[in-house]
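The values are calculated or read from the model by the stated rules, or taken from the named source; none is laboratory data. Keep in mind that what you see is a predicted model, and the values were worked out from it rather than measured. Glycine gets a Cβ as well: all are built from the backbone with ideal geometry, and neighbour counts include every protein chain shown.
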Amino acid sequence: MSGMNRVPWRDRAAFNLAFLLEHYFPNSDVVKRRREAARSRVVEQLRRRSAGKVTPVERQDGLSAKDFRRKYLSKGIPVILENGAAGWPLARWSFDGFRQRYGREMIKLVQRRGVAADEEIVSGREFSEEIQFGAFLDQVQNGGGKYMRFSPLLEKFPELLDDFDHGFFKRMSGNNWGLTYQLFMGGSGSFTPLHNAMSGFFFVNVCGVKRWELISNHYLAVMNPSADGFGYNHSKAQVDLSNLEQFPGFDCIDRMQAVMQPGDILYLPSWMWHSVKNDSPTIGIRCGFVYLKGMVTEAFTLSFIRLFAARNPSTFQALYYTLFKKNLAERDKWLLTAKLIRR
Ligand SMILES: O=C(O)CCC(=O)C(=O)O
């Protein structure tokens, strides 16, 4: 983002180092004090600048894979590929279509700390429930609060994978390995709070309207995530600034917004923070992919933490579950360790 409100690299580096150390010394007061001091300096610097700017994510119609890689992927810039999935055979991907085909099947919904709305987490713990797919779909369409996020459902119903243009993902990402697919279905008003993770992804919006807020990881100190060693980071900061006193400086950071219509595909770079609100009942697919350059250049410290300091799951566990583990119920414990799909 050219012309963005920037934080001096020294203050960012000081915060990043303290955040890294906190993963190894979670009870150290010295580390906590250093982190707080760095955060205050970042906020002070940002407050000397103008109010944060909100800009729309670019929309491109008919972008070639080569131009996508040159202009967006290699630079870590998000983009909406307008109607990118319009020609895919997704006609059966509707609430009625799913109800007819799979309505009687039992599915599992898992809510994880930091990426579920507060009211979905029962007494501060992760929470999962089994529900009949038909009943779940009914409540999504009727504005109920249950939200299916990061679901491995495509492994249960692998025939659905035939409806994607797998060549599209390979061409765009420049890889023919490392693709993972996860499903999202939520009702009107359902919400996923701010978080970021190592893999970049394409999000295919099949039904409904989704509203995204995107924030560069340049502002990690303002997002102020806890060092809990998950495979992802999360923040309780609210983009409507309703908890500015807890997240000072949030009004001075730049952010982007994207509104996705059915058929649109969003590219989201590694480590970019994002939150999502569904304006209407939605069905979407997240296709994660490996792009090493982006992972490291977008956030070296976070990549280092993910590879060497994360415990829930560790890199070894994540790889094991991604590559080998077949038992869904077990693998389902770890967010973002979706099975690699070869097509
Ligand atoms: O659609 C959503 O609610 C969240 C999507 C998301 O955060 C992701 O795919 O990483």
Mind listing whichever residues of the range 272-284 are near the ligand (Cβ under 9 Å from one of its atoms) and of a type in the set (Val, Ile, Thr)?
-> Val276, Thr282
Among the residues of the range 14-43 satisfying the criterion of being farther than 13 Å from Tyr219 by Cα and among the charged types (D, E, K, R), which is farthest from the chain's Cα centre (by Cα)?
-> Asp29
Subset of the range 219-238 (residues that are touching a Lys or Arg at 6+ places or on another chain (Cβ under 7 Å) and farther than 19 Å from Ser199 by Cα) | Ala221, Asn224
If you scan the range 254-268, which residues turn out to be part of a loop (DSSP other than H, G, I, E, B) and either buried (at least 24 other Cβ atoms within 10 Å of the Cβ) or charged (D, E, K, R) (or both)?
-> Asp254, Asp264
From the list Thr297, Thr301, pick out the single residue that is away from the ligand (no atom under 16 Å from the Cβ), hydroxyl-bearing (Ser, Thr, Tyr) and either touching a Ser or Thr at 6+ places or on another chain (Cβ under 6 Å) or at pLDDT 90 or above (or both).
-> Thr301
Filter result (surrounded by fewer than 19 Cβ atoms within 10 Å (Cβ to Cβ) and assigned to a helix (DSSP H, G or I)) within the range 21-42 = Leu21, His23, Tyr24, Asp29, Val30, Lys32, Arg33, Arg34, Glu36, Ala37, Ser40, Arg41
Mind listing whichever residues of the range 147-194 are away from the ligand (no atom under 16 Å from the Cβ), within 17 Å of Ser94 (Cβ to Cβ) and out of contact with any helix residue (DSSP H, G or I) (no Cβ under 8 Å at 6 or more places or on another chain)?
-> Glu159, Asp162, Asp163
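Return the residues of the range 236-271 that are hydrophobic (A, V, I, L, M, F, W, C), within 30 Å of Phe164 (Cα to Cα) and more than 10 Å from the ligand (Cβ to nearest atom); say none if nothing qualifies. Lay out the reasoning, then the answer.
So the first thing to find is which residues in the range 236-271 are hydrophobic (A, V, I, L, M, F, W, C), and the list is 237, 239, 241, 244, 247, 250, 252-253, 256, 258-260, 265-266, 268, 271.
Narrowing further to those that are within 30 Å of Phe164 (Cα to Cα): 256, 258-260, 265-266, 268, 271.
Hits for the range 236-271 are Met256, Ala258, Val259, Ile265, Trp271.
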Quick one: in the range 104-142, which of the residues that are assigned to a loop (DSSP other than H, G, I, E, B) and modelled with pLDDT of 90 or more is surrounded by the most Cβ atoms within 10 Å (Cβ to Cβ)?
-> Glu105
Look at the range 285-294 and say how many of its residues are more than 20 Å from Ser190 (Cβ to Cβ) and within 12 Å of the ligand (Cβ to nearest atom).
-> 2
Out of (1) within 19 Å of Leu46 (Cα to Cα); (2) part of a loop (DSSP other than H, G, I, E, B); (3) within 12 Å of the ligand (Cβ to nearest atom), the one Leu214 does not meet is (2)
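Name every residue in the range 43-56 that is assigned to a loop (DSSP other than H, G, I, E, B) and out of contact with any Asp or Glu (no Cβ under 9 Å at 6 or more places or on another chain), in order of residue number.
Restricting attention to the range 43-56, the residues satisfying the condition of being assigned to a loop (DSSP other than H, G, I, E, B) are 48-53.
Within the range 43-56, Arg48, Arg49, Ser50 qualify.
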For the range 5-20, which residues satisfy the criterion of being surrounded by 16 or more Cβ atoms within 10 Å (Cβ to Cβ) and part of a helix (DSSP H, G or I)?
-> Asp11, Arg12, Ala14, Phe15, Asn16, Ala18, Phe19, Leu20
Top-ranked residue in the range 143-176 [being outside any helix (DSSP H, G or I) and small (Gly, Ala, Ser); ranked as surrounded by the fewest Cβ atoms within 10 Å (Cβ to Cβ)] = Gly143
